[in-house]
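Quick one: structure below, then a few questions.
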Amino acid sequence: MVEQEHSDDLFKRGQGTKALNEQLPEPSEGPADSLLMREWDVPHHAHLAPILLALSMTGIWLLNLPQVHPDIWYLSWNQIASGQVVPVFAHMLAHLNLVHLGLNMIGLMVIGGPLIACFGSPPVSSARFLYLFTGAGVAGGLLFVTVNQDATPVIGASGAIFGILGALARVHPATGMLVPVGSKRTWLMTKFFISNHAILFVLAAVVAVLSGQAQSLAWEAHFGGLLFGFFAAPLFLGKAAERPR
């Protein structure tokens, strides 16, 4: 109670987010020192938008829509060059297989709720989350097709998922408020991204050897989404009065 009153007093004196974060040291090193650690509660309504997104993705996969209408659900450079807009948004809701879908849904459910809890009150918080998710997905897809103009089209929500992870890296684990770019959480995000992709590349190589088919990993889409979420987070985080308790 004393700490909460002190935090509120900082805002009353106009010192803002920076002052409060300086008063609350970042978590000590240890097993729990990760991007996912938090000290705020996640209300039930914060899970609604991630659940609806997950259901939409599942429905698209069950109906096999990417195979029925690949011109809509896959994103390529040729589509961008020809002015097609729908695939820019639709590709992030479709997936190649159940593993691809499952991994992205896990990330969505684990990160989505806690992040929405930092985005203010409903329904504004959910709207902010959807804007961030969409922006990260678009950024990731555009970076991928720009770098790989002659490559296989990209599909999946991975860019958007890494985008919300990047946004979470800008959230103080104790206050749920914005932290600076130079925060220790930036280093945690970098370590996670590198280690995660090292594992993914190894798994892709193993699958390629066992199946005899080349496996691709759209790391460019992941990186583009991550950068968007990391730098756009200040636009979506709620005001001081809306911060989670």
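Consider residue 88 against the criteria (1) touching a Leu at 6+ places or on another chain (Cβ under 8 Å); (2) closer than 25 Å to residue 196 by Cα: it satisfies all of them except one. Which criterion is unmet?
Result: residue 88 passes all but (2).
Shifting gears a bit: Restricting the search to the range 64-111, which residues are surrounded by fewer than 12 Cβ atoms within 10 Å (Cβ to Cβ) and farther than 21 Å from residue 216 by Cα?
68, 81, 82, 83, 85
Within the range 161-177, is even one residue touching a Ser or Thr at 6+ places or on another chain (Cβ under 6 Å) and surrounded by fewer than 22 Cβ atoms within 10 Å (Cβ to Cβ)?
no
Any residue in the range 213-226 that's of a type in the set (D, E, K, R): show its pairings with residues that are surrounded by 20 or more Cβ atoms within 10 Å (Cβ to Cβ) at Cβ separation under 7 Å, as long as the two are six or more apart or on different chains.
220/143; 220/144
When the range 172-218 is examined, which residues are found to be outside any helix (DSSP H, G or I) and within 29 Å of residue 99 (Cα to Cα)?
212, 213, 214, 215, 216, 217, 218
Is it true that residue 140 is in contact with a Gly (Cβ under 7 Å, 6 or more places away or on another chain), buried (at least 21 other Cβ atoms within 10 Å of the Cβ) and within 24 Å of residue 167 (Cα to Cα)?
So residue 140 passes the test.
Determine, yes or no, whether residue 152 is surrounded by fewer than 24 Cβ atoms within 10 Å (Cβ to Cβ), touching a residue at least 12 places away in the same chain (Cβ under 8 Å), out of contact with any strand residue (DSSP E or B) (no Cβ under 8 Å at 6 or more places or on another chain) and under 22 Å from residue 94 (Cβ atoms).
yes
Still on this structure: Within the range 196-205, is there a residue that is surrounded by fewer than 19 Cβ atoms within 10 Å (Cβ to Cβ), within 17 Å of the chain's Cα centre (by Cα) and among the aromatic types (Phe, Trp, Tyr)?
No: the range 196-205 contains no residue that is surrounded by fewer than 19 Cβ atoms within 10 Å (Cβ to Cβ), within 17 Å of the chain's Cα centre (by Cα) and among the aromatic types (Phe, Trp, Tyr).
Working carefully through the options 190, 186, find the one that is among the hydroxyl-bearing types (Ser, Thr, Tyr) and free of Cβ contacts under 8 Å to residues at least 12 places away in the same chain.
Result: 190 is the single residue among 190, 186 that is among the hydroxyl-bearing types (Ser, Thr, Tyr) and free of Cβ contacts under 8 Å to residues at least 12 places away in the same chain.
Which residue out of 134, 152, 146 is out of contact with any Asp or Glu (no Cβ under 9 Å at 6 or more places or on another chain), polar (S, T, N, Q) and part of a helix (DSSP H, G or I)?
Selected residue: 134, the only one of 134, 152, 146 that is out of contact with any Asp or Glu (no Cβ under 9 Å at 6 or more places or on another chain), polar (S, T, N, Q) and part of a helix (DSSP H, G or I).
Restricting the search to the range 121-137, which residues are over 14 Å from residue 226 (Cα atoms), surrounded by 21 or more Cβ atoms within 10 Å (Cβ to Cβ) and of a type outside the set (Ser, Thr, Tyr)?
Of everything in the range 121-137, those that are over 14 Å from residue 226 (Cα atoms), surrounded by 21 or more Cβ atoms within 10 Å (Cβ to Cβ) and of a type outside the set (Ser, Thr, Tyr) turn out to be 128, 129.
Let me ask something additional. Which of the residues belonging to the range 79-100 are among the hydrophobic types (A, V, I, L, M, F, W, C), at pLDDT below 95 and either part of a helix (DSSP H, G or I) or under 21 Å from residue 129 (Cα atoms) (or both)?
Across the range 79-100, the qualifying residues are 80, 81, 98, 99.
The values are calculated or read from the model by the stated rules, or taken from the named source; none is laboratory data. Here the structure is a predicted model, which is why all the values come from computation and not from measurement. No Cβ is skipped: glycine too gets one built from the backbone with ideal geometry, and neighbour counts run over all protein chains shown.
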